[in-house]
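The values are calculated or read from the model by the stated rules, or taken from the named source; none is laboratory data. What you are looking at is a predicted structure, and each value in this text was computed from that prediction instead of being measured. We place every Cβ from the backbone using ideal geometry, glycine too, and count neighbours over all the protein chains shown.
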Amino acid sequence: MATTRQTNVCVLTLLCTSLVTVAANAEETNPYMGAPVTLIEAPNGAIANKKLLDGIDEVAYLTPTIEQPAEGIWVFGGYTVAPIAVIETDEGLIAFDTGDAEHDGEILLEAIRTVSDKPIKAIIYSHSHTVHGAGVFAEGNQDVIIIGKPGLNEVVAENAAASGIPAYYPEVGPYLLGRAITQFNGYLPKEGPDAWVMPFNVSPASSAFLPVNTPVQDGQEMTIRGVKMQFFTRYGTDDKFHTTVWLPERKIVFSMMLWSSPPQLYSLRGDVFRDPREWIAGLKLTRDLNAEVLVSAASRPVVGKENVRKALEDYLDGASFVLDQSLRGILAGLGPDDLRHFVTFPKYLDDAPFNLQNYGEISTYAPAIFYQAIGWYDNNAANMKPIAPIEEAKRLVPLMGGREKVLEATRAALDKKEYAWAAKLADKLYVIDNQDMDARQLKADALRQMAYVSTGGSDRAHLMSQALALEGKVHIARVVPPPPAVVAASPTTFVNYFRVRIDPQKSDTTNRFIQFDFSDGTQAGLHVRRAVAEFIAEPDKYQRRPDVVLAMSGETWAKLYVSQVTPEELIKTGEIKVTGDAEEAARVINLFDRYSPARAVVIPSAMLDHM
């Protein structure tokens, strides 16, 4: 009995201490709730947090820059989202990364040609994101060595099928791509007070990816174009296909482990879970190489043995702090929203140059760790069965005195620089009526001010983009359909993805099995059983014969999938040949939600009558 009593006291003490810390942080250090922030003007006219602009040049690139951290090695930063590096050898150039798109490759190759006219003879992929400019770099040469972690080719193909964005469920790739366009400044002006500060620009989406032809294992040693190298592939960052390159004779390491911002353990665009333990282990491995030069695929290079070690150690301590304090908070009974305020850097970590929160802010990371560790339930039973947001708003607004009182309270919160609270208040009215122009403008005002005081480029992009959208200055695409060429290249994959667009209200009592026969010889099926559409990978082996067979090319299916035309039109023109009842075939296809190409959003069929 005494043991139980002691245990309870320990837990209670920890919980109370944690909650006091949470409250103190919220009142004293939260820039979104009135904590002092100095705003200044960036070179492009953007209003921004002085802390961001004071520290960014030391760790990242705001403008195109070429650096030479060691003889025969160049880093090209600020040309695209991520920097790339080039090693000069007697036999030609070795590139470390190639950009996020074909267009990136074109920009980067032009920059490379300002320092060397040698051909690029080898390409090393640091991870699976910056691989899409390789074909440009190769310039038609067939003997280019392409180095990467085994499995990278497959994940690039999977990402392409998910609209180019890594997704736990690739079916939602178009939604994540829509969010990625927001994150990478797709809706922000280049100049003026609302402009981006961190130049995470969106490039055209075409890819010049070249598959890995020389996969490397963890610890493997090779001599590439006369340069002795060792490769480490065990650990990852925001990607599971990371390759660190060690030049033992020169004590130089090429890595993706060190970013210009704390390890981004959660991306606001949405992504698969990024395990902090992986990143921390990779940082320890990189630190223990005792490199004299570190060339990063995500920040400025670091020169000098002690400088490299300190940068890596401060950085891994920052990652360890976020993980360990998130877990400590969970043990104290804190939920994901509590953790946002509980996990804040101590000053010495906050002052470390590479811990400048210029990409993401760590307040968004702890909730992701909570969800991975525990799931969504925060152990507060009052939150177990929440009512719908619109129903909550309809009940709260009258309790607050009605619409005018909420508007008045929102303006008062803005005057006190309690921007986060102002945004929440205005949002209650917006949820009730999204055409309430007063609520829209006040919410936009709050989000804009939050964007100004933020340091995270991703945070600013989401906040400012939504402010502009509320004012009618931009239209944010909720989803971006995959390119028709991607659908046509793998039609059965997208038959599978099509299943999640079934509208259960329209499908009602339907029980039909439709088989798709594609001109490349592949087949697939969908068995619509009332509210569910089961994907049938091998129709010939299915226990039920198809009610209707649709024969078409992959290109025709792509037009249907992205809603460029209706099934009736394709059947009428003969692009779809139907075995069975053509009218019934069209009816079943029309049970699925369609894209609205003009607005790039998926419109649930239940909403069509109201548009």
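Of all residues assigned to the stretch 224-233, at least one qualifies as being under 25 Å from ILE165 (Cβ atoms), assigned to a loop (DSSP other than H, G, I, E, B) and of a type outside the set (Gly, Ala, Ser). Annotation note: of ALA469, ALA485, the sole residue that is within 24 Å of the chain's Cα centre (by Cα), touching a residue at least 12 places away in the same chain (Cβ under 8 Å) and more than 25 Å from GLN523 (Cβ to Cβ) is ALA469.
Could you grab me the full set of residues in the stretch 207-228 that are touching an Asp or Glu at 6+ places or on another chain (Cβ under 7 Å), surrounded by 13 or more Cβ atoms within 10 Å (Cβ to Cβ) and in contact (Cβ under 8 Å) with a residue 24 or more places away in the chain?
Taking the stretch 207-228 as the starting set, the residues that turn out to be touching an Asp or Glu at 6+ places or on another chain (Cβ under 7 Å) are 207-208, 225-226, 228.
Now drop any that are not surrounded by 13 or more Cβ atoms within 10 Å (Cβ to Cβ), which leaves 207-208, 225, 228.
Correct list: SER207, ALA208, ARG225.
Inside the stretch 245-299, residues that are among the aliphatic types (A, V, I, L, M), closer than 25 Å to ALA167 by Cα and touching a Pro at 6+ places or on another chain (Cβ under 6 Å) make up a count of 2.
The number of residues in the stretch 91-108 being more than 26 Å from the chain's Cα centre (by Cα) and either surrounded by fewer than 23 Cβ atoms within 10 Å (Cβ to Cβ) or at pLDDT below 95 (or both) comes to 3. Within the stretch 108-166, which residues are out of contact with any Asp or Glu (no Cβ under 8 Å at 6 or more places or on another chain), over 30 Å from VAL562 (Cα atoms) and of a type in the set (Ser, Thr, Tyr)? Within the stretch 108-166, THR114 is the sole residue that qualifies. Being at pLDDT 95 or above, outside any strand (DSSP E or B) and within 23 Å of ALA157 (Cα to Cα) holds for only one residue in ARG499, ARG544, and it is ARG499. Among the residues of the stretch 517-547, the ones that are of a type outside the set (D, E, K, R), surrounded by fewer than 20 Cβ atoms within 10 Å (Cβ to Cβ) and under 14 Å from GLU584 (Cα atoms) come to 0 in all. Taking the stated definitions as given, is SER116 within 19 Å of the chain's Cα centre (by Cα) and modelled with pLDDT of 95 or more? No. Residues that are within 17 Å of the chain's Cα centre (by Cα) and under 23 Å from THR410 (Cα atoms) were ranked within the stretch 447-463; the one that is surrounded by the most Cβ atoms within 10 Å (Cβ to Cβ) is ARG460.
Looking at TYR175, TYR168, which is the one that is surrounded by 16 or more Cβ atoms within 10 Å (Cβ to Cβ) and either under 24 Å from the mean Cα position of the chain (by Cα) or assigned to a helix (DSSP H, G or I) (or both)? Lay out the reasoning, then the answer.
Values: TYR168 fails: surrounded by 16 or more Cβ atoms within 10 Å (Cβ to Cβ).
TYR175 is the lone residue from the list that is surrounded by 16 or more Cβ atoms within 10 Å (Cβ to Cβ) and either under 24 Å from the mean Cα position of the chain (by Cα) or assigned to a helix (DSSP H, G or I) (or both).
Taking helices (runs of 4 or more DSSP H) that fall entirely within the stretch 292-389, which contain at least 3 residues that are over 22 Å from the mean Cα position of the chain (by Cα) and more than 30 Å from TYR79 (Cα to Cα)? Walk me through it before giving the result.
Values: elements: 305-331, 336-342, 347-350, 366-373.
Counting at least 3 such residues, we get 305-331, 336-342.
Residue under question is VAL397, and the condition is that it be at pLDDT 95 or above, within 22 Å of LEU463 (Cα to Cα), over 31 Å from the mean Cα position of the chain (by Cα) and not aromatic (Phe, Trp, Tyr); does it hold? It would help to see each step written out before you state the result.
Values: at pLDDT 95 or above: yes; within 22 Å of LEU463 (Cα to Cα): no; over 31 Å from the mean Cα position of the chain (by Cα): yes; not aromatic (Phe, Trp, Tyr): yes.
So VAL397 fails the test.
Filtered by the rule that a residue be under 17 Å from ASP503 (Cβ atoms), modelled with pLDDT of 95 or more and outside any helix (DSSP H, G or I), the stretch 564-601 gives THR566, ASN590, LEU591, PHE592, ASP593.
Looking for something of a type in the set (Ser, Thr, Tyr), outside any helix (DSSP H, G or I) and under 28 Å from TYR61 (Cα atoms) - is there at least one such residue anywhere in the stretch 182-191? For the stretch 182-191, residues of a type in the set (Ser, Thr, Tyr), outside any helix (DSSP H, G or I) and under 28 Å from TYR61 (Cα atoms): present.
Among the residues of the stretch 229-256, those that are surrounded by 19 or more Cβ atoms within 10 Å (Cβ to Cβ), more than 23 Å from the chain's Cα centre (by Cα) and not aromatic (Phe, Trp, Tyr) comprise MET229, VAL245, LEU247, ILE252, VAL253. From the residues in the stretch 79-90 that are buried (at least 17 other Cβ atoms within 10 Å of the Cβ) and touching a residue at least 40 places away in the same chain (Cβ under 8 Å), which one is farthest from GLU106 (Cα to Cα)? The qualifying residue farthest from GLU106 (Cα to Cα) is ILE87. I'd like the residue in the stretch 60-78 that is within 20 Å of ILE107 (Cβ to Cβ) and not in a strand (DSSP E or B) and, out of all such residues, is modelled with the lowest pLDDT. Once the filter is applied, the top-ranked residue is LEU62.
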